[in-house]
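Some notes on the structure that comes next.
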Amino acid sequence: MECSEIGFSLFICSCEVKRQHILAWDGVSAAKKGQNPPEGYYNLEKMLCDLVKAGARVRACGTYLRARALGQEDLVEGVEVGTMMELAKWVKESRLVLSF
């Protein structure tokens, strides 16, 4: 997940659009709690927390989490472990899908 995706989704929050995000590949690391980026860099943990507070559903793919030795206990509050089957269901049910 890139900063542009999080920022775009936060912008859409004001439009009351249903948002669902699946974090996959290296994107799952964006949901790791305890991030301490250097000054001047985006804090993806804070941005994801803001996204969840704004009503977005966020799931991190369990397969990619396990490959990085991460589990539910490592994720920021509000981000859940998900599956590719859930992603497929979300895509099927969606009117529009954006990929970053």
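Readers should treat all values here as calculations from the given coordinates under stated rules, not as data from a laboratory. The model shown is predicted, which means the values in this text are computed figures rather than measured ones.
Whole-Hz Karplus values for segment 38-51 come out as x, 4, x, 9, 5, 9, 5, 4, 5, 5, 5, 4, 4, 5 Hz, taken residue by residue from phi with 6.51 cos²θ - 1.76 cosθ + 1.60 and θ = phi - 60°; glycine and proline positions read x.
Measure up 33/89; 46/92; 33/53 against 25 Å on the Cα-Cα distance and list the ones that go over. In this structure, 33/89; 46/92 lie more than 25 Å apart at Cα.
Once backbone amide H atoms are built at 1.01 Å from N, residue 60 has 23, 80, 81, 82 as its partners under 5 Å, excluding neighbours fewer than 5 places away on the same chain.
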